[in-house]
1. Condition first: open to solvent by 80 Å² or more (accessible area, probe 1.4 Å) and among the hydrophobic types (A, V, I, L, M, F, W, C). Can you find one or more residues in the range 57-64 that meet it?
2. Report whether or not SER76 is free of Cβ contacts under 8 Å to residues at least 60 places away in the same chain, in contact with a helix residue (DSSP H, G or I) (Cβ under 9 Å, 6 or more places away or on another chain) and either of a type in the set (Lys, Arg) or over 20 Å from ALA98 (Cα atoms) (or both).
3. If I filter the range 73-92 for residues that are of a type outside the set (Val, Ile, Thr), surrounded by fewer than 12 Cβ atoms within 10 Å (Cβ to Cβ), within 19 Å of the chain's Cα centre (by Cα) and over 30 Å from GLN31 (Cα atoms), do I get at least one hit?
4. Name the residue that is farthest from ALA98 (Cα to Cα), counting only residues in the range 20-38 that are modelled with pLDDT under 80 and surrounded by 10 or more Cβ atoms within 10 Å (Cβ to Cβ).
Amino acid sequence: MNHLRDANKIVPLDSGKEADGVAGIDNSDPQPLPDEQIVRLEGIGLVRLSLEILDPRSRELIHLKFNEELSYKEISARTGLSIGNVGYILHHALKAIADELAKNGIVK
């Protein structure tokens with residue numbers, strides 16, 4: 001009896017419904033708080049500034065990968081670089097950006 005009583009107190013979190021089967025109301029605000037928005041915008045600004053430390057070829061590959069969402073193969077075809085070279089350059093470019101962001105205290 002104790003087990004049954006205790007089991008009734010457990011409410012699954014993933015159901016999205018109330019106990020009576022009716023969908024619950026989500027009272028959470030999808031918008032981040034103003035201070036979270038400011039931190040996010042500052043981070044985006046610092047990422048854009050850190051792109052400036054890269055050479056033009058690395059910036060182009062970052063643009064193709066993340067803005068145009070091309071695969072390494074598509075980037076290779078467009079730039080004439082080998083697929084392995086595209087991966088190598090992107091890896092080092094992203095590492096340089098991460099190092100720059102770490103210097104500014106954005107990432108650890």
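1. No: the range 57-64 contains no residue that is open to solvent by 80 Å² or more (accessible area, probe 1.4 Å) and among the hydrophobic types (A, V, I, L, M, F, W, C).
2. Details: free of Cβ contacts under 8 Å to residues at least 60 places away in the same chain: yes; in contact with a helix residue (DSSP H, G or I) (Cβ under 9 Å, 6 or more places away or on another chain): yes; either of a type in the set (Lys, Arg) or over 20 Å from ALA98 (Cα atoms) (or both): yes.
Taking the combined requirement at face value, the residue satisfies it.
3. For the range 73-92, residues of a type outside the set (Val, Ile, Thr), surrounded by fewer than 12 Cβ atoms within 10 Å (Cβ to Cβ), within 19 Å of the chain's Cα centre (by Cα) and over 30 Å from GLN31 (Cα atoms): present.
4. Among residues in the range 20-38 that are modelled with pLDDT under 80 and surrounded by 10 or more Cβ atoms within 10 Å (Cβ to Cβ), the one farthest from ALA98 (Cα to Cα) is GLY24.
The values are calculated or read from the model by the stated rules, or taken from the named source; none is laboratory data. Just so it is clear, the model here is predicted, and its values are computed rather than measured. Using ideal geometry, Cβ is built from the backbone for each residue, glycine included, and neighbour counts are taken over all protein chains shown. Surface accessibility is based on the protein's heavy atoms, side chains included, excluding ligands, DNA and RNA. Shrake-Rupley method; radii C 1.70, N 1.55, O 1.52, S 1.80 Å.
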